[in-house]
Every structure is written in structure tokens, then in C-alpha cells.
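Following: one structure in C-alpha cells, then a few remarks.
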Amino acid sequence: MKPIYKTVQLASSIHWVGVEDWQSRLFDSLIPLPYGTSYNSYLVVGQEKVALIDTVHAGFTDEWLNKIISKAAPGKIDYLVMNHGEPDHGGSISRIMAEAPDIKLVLTEKGAPIAKKFYGVGDERTMVVKDGDTIDLGGKTLRFIEAPWVHWPETMFTFVPEDRVLFSCDFFGTHLASDLLFDDEVGELVVVQAKRYFADIMMPLIAMAGKALEKAKACDPLIIGPSHGPVWRNPGRIFSAYDKWINGPLLKKAVIIHVSMYGATARLAEVITKSISAEGVEAVPYNLVNADTSHIAGDLLDCSVIVFGAPTVTGNVHPVGSFGLILLKYLRPRTKKVALFSSYGWSGGAMTQMKAQVDALGFETIGTLEVQGPPSEEEIDQAIQLGKQIAGNILGK
Ligand code: FEO
């Protein structure tokens, strides 16, 4: 039996030729992939020219090439658009440019050095485009929209106005492998995963995401084809979600993140969580030892206060706690309010260091609690009071 290479038509002469990655469970050695991911690539066939939008991770090059061949011989492709040069999308550039020596790589000015360094593509094979530039394929136009920093400085969108299809690369992406390509086929999980993806990838540069969102809306697309996860054929669904995540108010929610050694810090985390919850404020606890960092990121996106706890180990913040603080630095949550708690065996140190680190990140510390060993009844009361104080701050009391 001949191998089957699935493609999906998005619009007349526009085809999804991406691949599903069902097996990967970690992205960038950081982001868990409970549902795998996908690397989307699209073929736009004009009456005179043919363009390919982005490539796929190098581990999937053969499958991807066979999908393309089922629609157009690589030698017939005139343009390869590099919306983004990160290797999950650029990983097959070298291969297809070797197989089809006449292809021009279309990219932004900032994309050119990336293409050269990562994929060995010299200036003679690139076409640099800027905001508003177009390529006429014959009955189909590619319009380029610079959208820097979603996710790297060189990122851009490509829009086909005749069919109102927007190719947005990482923006509007989702880490979700699915045999069902369209958002409405997948159900609510797609928005849940899109939120985690947004928090992981876009939250650190949320001002740029806001600008990119407005540019995407201005296109008034009927279909959005991102480079990961389902294709949005209900763009309003992801536009309203992005609006909420970028511009919406913070929620009456606290995220309690901790690591514990012998249970003292964990006991404080538990009491503070229940105390916040009892005041009518959503309290979401995470133990850094077993939490999915994407779940933490998703809740950091719209919480009002981060409650962070780690014990002292030989005068330092517990190393897993230090990882949590680095996550805060890297993710840049929208809220700038924290509360801190800690425990120690024979000498403190973690609280002072945590406070200095969150100060340096620009957070306002609205409460602290530090105990020696297992918390006493009096210290449990102090944890309850800290929870009430946090909830009161969120409720504006
Ligand atoms: Fe999916 Fe920034 O690459």
C-alpha cells in the first residue's frame, strides 16, 4: 500500500501541508507537551507562481516533503516564506532549498541573518520584504505584515487578501496535536491550550503581542493558519481570547507557588490557599516539584497576586524555588504584586533573597511570613491572616 500523506484544503488552492508531532512531551526543554504539538506549513498555489509558507521541524522533513509533492513538485515552488526562523518552523529550509535551487526565501530584514546562520541561506537566495510589501502569484497575493517579537525579532505575518487567510506563525498558536485541523472541530481544549501557549511564548513580550493583535484584526481574516495547533476558522474566537489575555482585567485570583522539603513550607501553602479561598477569592496552588510550567504560566497570565514560598537550604533559596523565581523573571506576569512565605531549619536566608529578587523584578511585596520548622498554632494563625490580607488586597478591602 502506498503511504498516505494527508493535506487539508483551507481555501481554493491553499493547502495545509503540516505535520502532527504526537510523541514529543517537552518543548525547548522547558514547556510540557501533554497533547504533543504540530508544525504547520501551507502551500499557496497561484495561477503563475507557487508559495510555501514556513517549513517544519527537521525531524519531520520527509513526511512534509511528501505532502508537498502530493500537491506540487518542489521544483515548481517559487517562494518559501519564512514568517519565523526558529528551528521548529525553519528546520526544513536547508533541505527544500537544496532540492529546489530556484526557490527564493522571503523574509524580513531581521530574518536574513537568522536564515544565513541557522540554515546557510545566502543573500543571493533571499528576498527581503517589509511591512505592506506584496508578491503576486497570479490570482493570489501574498501581503507581508511585520509583527516583530511574536516570537523573535524577525517575525511577520503573511496574508492572502483574495481568500482572507492570515498565516500568523507562532501568534495564535497552540501546542496541540490533533487529527482534527479546525478549531471548532477540536472543542474547548483548543482555547485552554492556546492560553497556556500564549502565556509561555507571548506573555514575556505582551506589549508587542498587543500591537500584533491589532495588525491581525485589521486584516479581517476569515481563516487564521498559525504554525502550531488547529487552524482558526472562527477568528473571533481567538481574537476575543487574545483581547482578554492582553487587555482584560486581572481576575480575582491568587496563584500559590511553592516547594517544600519536610512539609513546613507546604503546610503554609495549604493554609494560605484555603484562607484566600475562604474569602471568596480563587486560589490556585502549585507545587514546583510536580507542576506543569505551562499550567503555572496560564494562571500567572490573569492572576492578581502571586504567592511564592520556598525554604532555606544552607543559607539559600531552595534551588527548585530559585527555578520558580527565574520563571517569574522570564514569563513577566501582568500582575506586579507578590506575597512571600518561607521556612528554615536552623537559620534563615531564603526570605531575604526572595525579597531582593522580586524587588529587582519590580514586584510590590504585600505580605511575608517566615517560620522555623513545622509551623506552630500561632504561626498557622499568621498564615491564615496572610491569606486574608492577600484576599483583601485583591478584593480592594
Ligand atoms: Fe514555534 Fe517561536 O517557534
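The values are calculated or read from the model by the stated rules, or taken from the named source; none is laboratory data. Nothing here was measured: the structure is a model prediction, and the numbers come from that model. Quick reminder, even Gly has a Cβ in these numbers, built from the backbone with ideal geometry, and neighbours come from all protein chains shown. Only protein heavy atoms, including side chains, enter the accessible area calculation; ligands, DNA and RNA are left aside. Shrake-Rupley method; radii C 1.70, N 1.55, O 1.52, S 1.80 Å.
The table below gives the values:
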quantity	calculated
Filter pass, GLY139 being open to solvent by 10 Å² or more (accessible area, probe 1.4 Å), outside any helix (DSSP H, G or I) and free of Cβ contacts under 8 Å to residues at least 24 places away in the same chain	no
Flag if ASP179 is away from the ligand (no atom under 16 Å from the Cβ), open to solvent by 10 Å² or more (accessible area, probe 1.4 Å), among the acidic types (Asp, Glu) and not in a loop (DSSP other than H, G, I, E, B)	no
Test: GLN9 is open to solvent by 20 Å² or more (accessible area, probe 1.4 Å) and assigned to a strand (DSSP E or B)	yes
Which listed residue is modelled with pLDDT of 95 or more and surrounded by 18 or more Cβ atoms within 10 Å (Cβ to Cβ), from LEU328, LEU361, LEU395	LEU328
So VAL44, is it touching a strand residue (DSSP E or B) at 6+ places or on another chain (Cβ under 6 Å) and more than 16 Å from the ligand (Cβ to nearest atom)	yes
Residue satisfying all of: in segment 74-97; among the β-branched types (Val, Ile, Thr) and either within 16 Å of the ligand (Cβ to nearest atom) or open to solvent by 10 Å² or more (accessible area, probe 1.4 Å) (or both); nearest to PHE60 (Cα to Cα) among these	ILE93
Selection count, segment 185-215, where residues are more than 16 Å from the ligand (Cβ to nearest atom) and open to solvent by 40 Å² or more (accessible area, probe 1.4 Å)	9
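For every residue, the table says whether it meets (1) within 17 Å of ASN40 (Cα to Cα); (2) touching a residue at least 40 places away in the same chain (Cβ under 8 Å).
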| position | (1), (2) |
| --- | --- |
| GLU63 | yes, yes |
| ASN66 | yes, yes |
| ALA73 | no, no |
| LYS76 | no, no |
| ILE93 | yes, no |
| GLU99 | no, no |
